[in-house]
Ligand code: SF4
């Protein structure tokens, strides 16, 4: 059920069957160009494709020009209420505007729509639990999936009435089931690309789980064209989490996949430390291999038969195996260096 329509954000297509794009929002002041550029570079190294920046004032809007010049990154300007900031951001080179036309004086909407059209910048309209009008809250008796969808459709209509259709949509709630229900309903009713995520999902640990449930359920339904994991944590964590969710949904193959056993009463070596250290040391390795870290030789190699390489723990040592077949024994202290050396040879 991939969205039929697509939009282009500074060279990144979302919708129309394009791969799901990971995005994040900068946590530094947009007007601090150095900090913004630094964060964009770090996020880009992690695979972030689209970068949203807050535009609370003219300085932030104008800073987009320098940020674009230094990074060339697709930039989304996040605007609330003030149409002049949208115009300033577009003038500075923003590739997309996130604004709700329902929050603007009606006579200003055509001005923003025309400026976006001229620049080829799409508009994201969004509905979330906190943005619903009093009328919709009364009509639906609170924040419901139907109310969120109606709110998004109202905003789309305002733009369509200005002859503007370069639109993507987000429907978010801090509840994963409500977010999923709203996005499913919207996908049945309109063809626009969907930005999916559970808003204000929470701190790193709980927020990742909540996001994985909400985003994961939608992705498995084939719904969602761009993803943001919204965490009370540095945006770098959001990007890493987004890729983990995409990988778990089968939509992304990490360069190195580590499979590790949950450990049990048979485990005699420190599998937890080994798996974590290996994951850290293999970050950035671009090999497309599967590495297994298993706790015992009884079940380990068999359970990890399709791994390219791995170890199965013994008592103070481990069996090195390749494609499920044993190769040789190594001491526990040598497990990490040996695995790194063997992976280097692959
Ligand atoms: S691989 Fe061995 S140690 Fe790990 S969970 Fe399975 S049986 Fe237990």
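Nothing in this text is a laboratory measurement; each read-out follows from the coordinates by a stated rule. Here the structure is a predicted model, which means the values were calculated and not measured. Cβ placement follows ideal geometry from the backbone for every residue including glycine, while neighbour counts extend to all protein chains displayed.
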Item to check | Crossing angle, helix 335-345 versus the chain [Cα axis fit, 0-90 degrees, rounded to tens] | outcome: 70 degrees
Next on the checklist: Starting from the 7 Å offset along Cα-to-Cβ, what nm value, one decimal, do you get for the label separation of residue 106 and residue 58?
Outcome noted: 3.0 nm
Next on the checklist: Only counting other Cβ atoms within 10 Å, I'd like 192, 243, 252 sorted with the fewest neighbours first.
Outcome noted: 252, 243, 192
Checklist entry - Tell me, what is the FRET efficiency for residue 117 and residue 29 to the nearest 0.05, using R0 = 25 angstrom and their Cβ-Cβ distance as r? => result 0.25
Checklist outcome for this item: Expressed in angstrom and rounded, the centroid-to-centroid distance over alpha carbons for segment 301-331 and segment 209-250 is 32 Å
Item to check | the chain: angle of helix 109-119 to the longest principal axis, Cα-based, in degrees nearest 10 | outcome: 50 degrees
Next on the checklist: With Kirkwood's inverse mean 1/r over C-alpha pairs for Rh, give me the Rg to Rh ratio of the chain, two decimals please.
Outcome noted: 1.07
Checklist entry - What does the helix-only formula give at 222 nm for the chain: each DSSP H stretch with n ≥ 4 adding -39500 (n - 2.57), the total divided by the residues, and the result rounded to the nearest 500 deg cm²/dmol? => result -12500 deg cm²/dmol
Next on the checklist: Taking 0.36 nm per residue of sequence separation and subtracting the Cα-Cα distance, how much length would be gained by fully extending the chain between residue 257 and residue 138, in nm to one decimal?
Outcome noted: 37.9 nm
Checklist entry - On full extension of the chain, what length is gained from residue 236 through residue 329, given 0.36 nm per residue of separation minus the C-alpha to C-alpha distance? => result 29.7 nm
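For an R0 of 45 angstrom, estimate the FRET efficiency from the Cβ-Cβ distance between residue 69 and residue 315 and round to the nearest 0.05.
With R0 = 45 Å, the Cβ-Cβ based efficiency is 0.15.
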Next on the checklist: Compute the helix-to-body angle for 204-220: its Cα long axis versus the longest principal axis of the chain, expressed 0 to 90° and rounded to tens.
Outcome noted: 80 degrees
Next on the checklist: Only Cα pairs within less than 10 Å get springs; with that Gaussian network setup on the chain, which residue of 273, 133, 174 has the largest fluctuation?
Outcome noted: 273
Item to check | Inter-label distance, nm, simple model (7 Å from Cα along the C-beta direction), residue 285/residue 270 | outcome: 2.0 nm
